[in-house]
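Comments concern the structure below.
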Amino acid sequence: MRLDVVTIFPEYLEPLNVSLVGKARARGQLDVHVHDLRGWTYDRHHTVDDTPYGGGPGMVMKTEPWGEALDTVLADGYETGSHEPALIVPTPSGRPFTQELAVHLSERPWLIFTPARYEGIDRRVVDEYATRMPVHEVSIGDYVLAGGEAAVLVITEAVARLLPGVLGNADSHRDDSFAPGAMANLLEGPVYTKPPVWRGREIPEVLLSGHHARIARWRRDEALRRTTANRPDLIERCAPEAFDKKDREM
Ligand SMILES: NCc1ccc(-c2ccccc2)nc1
């Protein structure tokens, strides 16, 4: 997979050099290109924004730098064999980013991220590139950041970990809270590891029983408890077997 990010804060994307994404890049599973939008400005102040038509607070990111940047990125990608790009626009006014969308994006060959700053990007940029590729306007939550770069890090990590061979244990993401199956849409329950006693606190006995069906049942019940407490909205989306009374390997 090729990833391009066009941003006025390229240093914000340094985390893409470390950890899971960094290792995927080192293994050649991800080809990441970060571009400074100001490289496509020609005035002394490297201007990327201007006042909004119609008035109102803040500034809007200008069309020309984005157009030149995206045309360059597309030309470079196509020239080096990439194909079928999708544009990912992090924005508070986008559709919610979900595990389902992460899975969809992980199956694409090329993602181009356009994190905005200020009040956002002149709408004509999305309109222009939507004629050439799928555009996903994506929100990572109901809050407003100072820009979309943090959202790029979130989306990239959620997508990269789904790429074949990126996660050590091939099954790891199968147990994700939001992956299909009996535990789908359930939040993870509590987890424990050694020492067996810590500051007088012991491990739930069932986890030491070696009785796998009971352990699976306990984990399901704890996940239901946490989901009911923290995300009641997810309960209605759970698979019926999540409420299954029978003890069986889950
Ligand atoms: N849903 C998270 C999110 C994503 C992007 C932005 C944002 C803020 C300012 C300018 C451009 C994008 N804010 C929140």
The range 38-54: number of residues that are open to solvent by less than 70 Å² (accessible area, probe 1.4 Å) and in a strand (DSSP E or B): 1
Residue within the range 77-93 that is within 13 Å of the ligand (Cβ to nearest atom) and over 17 Å from Val5 (Cα atoms) present: yes
Checking Ala69 against (1) open to solvent by less than 50 Å² (accessible area, probe 1.4 Å); (2) outside any loop (DSSP other than H, G, I, E, B); (3) out of contact with any Ser or Thr (no Cβ under 9 Å at 6 or more places or on another chain), the condition it does not meet: (3)
Given (1) open to solvent by less than 10 Å² (accessible area, probe 1.4 Å); (2) farther than 22 Å from Met1 by Cα; (3) more than 13 Å from the ligand (Cβ to nearest atom); (4) in contact with a strand residue (DSSP E or B) (Cβ under 6 Å, 6 or more places away or on another chain), index of the condition Lys62 fails: (1)
Residue count, the range 55-66 (criterion: in contact (Cβ under 8 Å) with a residue 40 or more places away in the chain and either under 21 Å from the mean Cα position of the chain (by Cα) or in a helix (DSSP H, G or I) (or both)): 2
Pair list, Cβ under 7 Å, 6 or more apart: the range 155-169 residue under 12 Å from Gln99 (Cβ atoms), other residue in a helix (DSSP H, G or I) and not polar (S, T, N, Q): Ala158/Ala102; Val159/Ala102; Val159/Leu105; Arg161/Leu20; Arg161/His173; Leu162/Ala102; Leu162/Val103; Leu162/His173
Residue check, Pro57 modelled with pLDDT of 95 or more and either exposed (fewer than 15 other Cβ atoms within 10 Å of the Cβ) or at positive phi (or both): yes
Single residue of the range 29-47 satisfying the filter (under 26 Å from the mean Cα position of the chain (by Cα) and not charged (D, E, K, R)) that is farthest from Asp76 (Cα to Cα): Gln29
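Test Leu105 against the criterion of being open to solvent by 30 Å² or more (accessible area, probe 1.4 Å), modelled with pLDDT of 95 or more, more than 10 Å from the ligand (Cβ to nearest atom) and hydrophobic (A, V, I, L, M, F, W, C), and give yes or no.
Taking the combined requirement at face value, the residue does not satisfy it.
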Criterion violated by Glu149 - all others in (1) of a type in the set (D, E, K, R); (2) open to solvent by 20 Å² or more (accessible area, probe 1.4 Å); (3) out of contact with any Gly (no Cβ under 6 Å at 6 or more places or on another chain); (4) on the phi < 0 side of the Ramachandran plot satisfied: (2)
So Val191, is it in a loop (DSSP other than H, G, I, E, B) and modelled with pLDDT under 95: no
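Per-residue answers, yes or no, for (1) within 30 Å of Leu101 (Cα to Cα); (2) of a type in the set (Lys, Arg); (3) open to solvent by less than 100 Å² (accessible area, probe 1.4 Å):
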site	(1), (2), (3)
Gly189	yes, no, yes
Thr193	no, no, no
Pro204	no, no, yes
Leu207	no, no, yes
Asp221	yes, no, yes
Arg231	yes, yes, yes
Positions within the range 14-27 being surrounded by fewer than 21 Cβ atoms within 10 Å (Cβ to Cβ) and either part of a strand (DSSP E or B) or of a type in the set (A, V, I, L, M, F, W, C) (or both), in sequence order: Val18, Leu20, Ala26
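Looking at Val34, Val73, Val48, which is the one that is farther than 18 Å from Gly147 by Cβ and modelled with pLDDT of 95 or more?
Residue meeting the stated conditions: Val73.
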Cβ pairs under 8 Å, 6+ apart, first in the range 235-247 and under 13 Å from Ala223 (Cβ atoms), second open to solvent by 70 Å² or more (accessible area, probe 1.4 Å) and at pLDDT below 75: Glu241/Met250
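The values are calculated or read from the model by the stated rules, or taken from the named source; none is laboratory data. Model, not experiment: these values are computed from the prediction. Here Cβ is always computed from backbone atoms with ideal geometry, including for glycine, and neighbour counts include all displayed protein chains. Each accessible area value is taken on the protein alone, full model and side chains, heavy atoms only, with ligands, DNA and RNA left out. Shrake-Rupley method; radii C 1.70, N 1.55, O 1.52, S 1.80 Å.
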